[in-house]
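S.K.: Just dropping this structure here.
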């Protein structure tokens, strides 16, 4: 099964690459099946078995997600966008767009609102599958520790008072109607102006979305003695005035001081556990008193967790100096 999950991951990655390049011919089931060396029937059956949805449905929904962002962010004509993403006419594009998102492309362009996009699936994740690291190669990069002042901003999020860690968070959230992984990540993916979104051009659940922990007396007691609620959301500018989805909350985060524990780029398959251990060790051993500060455990303070193996693994924790 692992081998087939790797194969389907290849298909998923290829689909996004072709969509970005407007290469409709290469997105056909025939092309992708030949790339894997299997029949169209076998590839289709395995794709549905592993992803939970038909190949053609996934392809259509991903193309629409990319198209929506062009409708929102570009000044290209709707007809050109329709043709770029493989629709035969303006009417066909409008019909499919409205059937999926509840508004026409022209209506959405005039008044963008949060809609649940089809985020990229990840059928092959070594840690989710319990495969661990390959070779247990240790990172030679150190953990940087430094202070920052983060300007005032807003944090749009969902939170869970009982979860313990990323996987447990989504396991519990998936039991709540309308707060499952696909719906929440799809909604957040459609929101323009995320502070941590690299340009806003990617269509992926990781685009500008982060894990966070809010100090909350009703939350669970964490390892360092703080009651907290785990969150998933996006940071937005302090003047953001867009619509807040009904299942989410928005909080104003004032300008504050933070301490950052950061590890640089690393090999996800080979170093993930090692890097996590180094970060945890650095946070546990840091002498706050000597540095002239302490963790700010005040209710409502937010700690952010940024995770992108190609850039960094870092915790940003609120502090009080003096």
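S.K.: Sort largest first and round to whole Å: the equivalent ellipsoid semi-axes of region 143-321, each the square root of five times a Cα gyration tensor eigenvalue.
M.R.: Square roots of five times the eigenvalues give 25, 19, 18 Å.
S.K.: Return the single residue from 104, 149, 119 with maximal mean-square fluctuation; model: Gaussian network over the chain, springs between Cα atoms under 10 Å.
M.R.: With Cα springs under 10 Å in the chain, the top fluctuation among 104, 149, 119 is at 149.
S.K.: Let me ask something else about it. Given a 10 angstrom Cα cut-off, can you work out which residue in 36, 117, 78 is the most mobile in a GNM of the chain?
M.R.: Of 36, 117, 78, the Gaussian network model singles out 36 as fluctuating most.
S.K.: Note down the relative contact order for the chain as a percent, whole number, built from C-alpha pairs under 8 angstrom at least six residues apart. Kindly include the intermediate steps, with their values, before the conclusion.
M.R.: Working: 526 pairs, mean separation 57.3, N = 322.
Computed value for the chain: 18 percent relative contact order.
S.K.: Just to be sure I understand: with springs between alpha-carbon atoms less than 10 Å apart, which residue in 208, 219, 165 has the highest mean-square fluctuation in the Gaussian network model of the chain?
M.R.: Residue with maximal mean-square fluctuation among 208, 219, 165: 165.
S.K.: Considering every pair of different Cα atoms, what Kirkwood radius, in Å, is found for the chain?
M.R.: Kirkwood radius, the chain: 21.6 Å.
S.K.: What is the order of 234, 251, 260, fewest Cβ neighbours within 10 Å to most?
M.R.: Ascending Cβ contact count within 10 Å gives the list 251, 260, 234.
S.K.: Find the centroid of the Cα atoms in region 229-303 and in region 63-122, then give the distance between the two in whole Å.
M.R.: 34
S.K.: Another question, then. How are the Cα pair distances of region 2-110 distributed, in percent, across 5 Å bins from 0?
M.R.: 2, 12, 23, 21, 15, 12, 9, 4, 1, 0
S.K.: Based on other C-beta atoms within 10 Å, arrange 33, 77 from fewest to most.
M.R.: Result, fewest neighbours first: 77, 33.
S.K.: To continue, here is another question. Bin by bin, in steps of 5 Å, what percent of the Cα pairs in region 67-117 do you find, going until the bin that has the longest distance?
M.R.: 5, 23, 37, 25, 9, 0
S.K.: Residue 89 to residue 106: extension gain in nm, 0.36 nm per residue of separation minus the Cα-Cα distance? Mind dumping the intermediate values first?
M.R.: On the way: separation 17, 0.36 × 17 = 6.12 nm, distance 1.46 nm.
The span from residue 89 to residue 106 would gain 4.7 nm if fully extended.
Only the coordinates and a few stated rules stand behind these numbers; no lab work does. These numbers were taken from a predicted model, which means no experiment stands behind them. For neighbour counting, all protein chains shown are included, and Cβ atoms are generated from backbone atoms with ideal geometry for every residue, glycine included.
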